[in-house]
Amino acid sequence: MALTRAVREAAVQDDVRIQAYDVIDSMARLVGQPNFRLELDALVALASRHSRIHSALQPFWDDLYSLAPEP
């Protein structure tokens, strides 16, 4: 919920916001599973292309990585 709120409040184009929502939704379904890390990597890649998404999610990166099983 907090991730989607942060993305909603970020000043980005709608298509970028929708991409972020899709990844976050997929991540929510995969918490605790190995594929969670793939979705987290996809969110990181999206954020690296859009600094406002990265900034909006900055408070959550450590928590998200703590949920990702080690490869």
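The values are calculated or read from the model by the stated rules, or taken from the named source; none is laboratory data. Since the model is a prediction, treat every value here as computed from it, not as a measurement. Counting neighbours? That spans all protein chains shown, and the Cβs are built from the backbone with ideal geometry, glycine included. Only protein heavy atoms, including side chains, enter the accessible area calculation; ligands, DNA and RNA are left aside. Shrake-Rupley method; radii C 1.70, N 1.55, O 1.52, S 1.80 Å.
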Look through the stretch 4-38, keep the residues that are in a helix (DSSP H, G or I), in contact with a Leu (Cβ under 8 Å, 6 or more places away or on another chain) and among the β-branched types (Val, Ile, Thr), and return whichever of them is nearest to residue 50 (Cα to Cα).
16
(1) surrounded by 15 or more Cβ atoms within 10 Å (Cβ to Cβ); (2) in a loop (DSSP other than H, G, I, E, B) all hold for residue 52 apart from (2)
Restricting to the stretch 17-40, what's the tally of residues that are buried (at least 17 other Cβ atoms within 10 Å of the Cβ) and under 10 Å from the mean Cα position of the chain (by Cα)?
7
Pairs where the first residue, in the stretch 19-47, is polar (S, T, N, Q) and the second is open to solvent by 40 Å² or more (accessible area, probe 1.4 Å), C-beta under 6 Å, 6+ apart
26/39
Given the criteria surrounded by 13 or more Cβ atoms within 10 Å (Cβ to Cβ) and at pLDDT below 95, does residue 43 qualify?
no
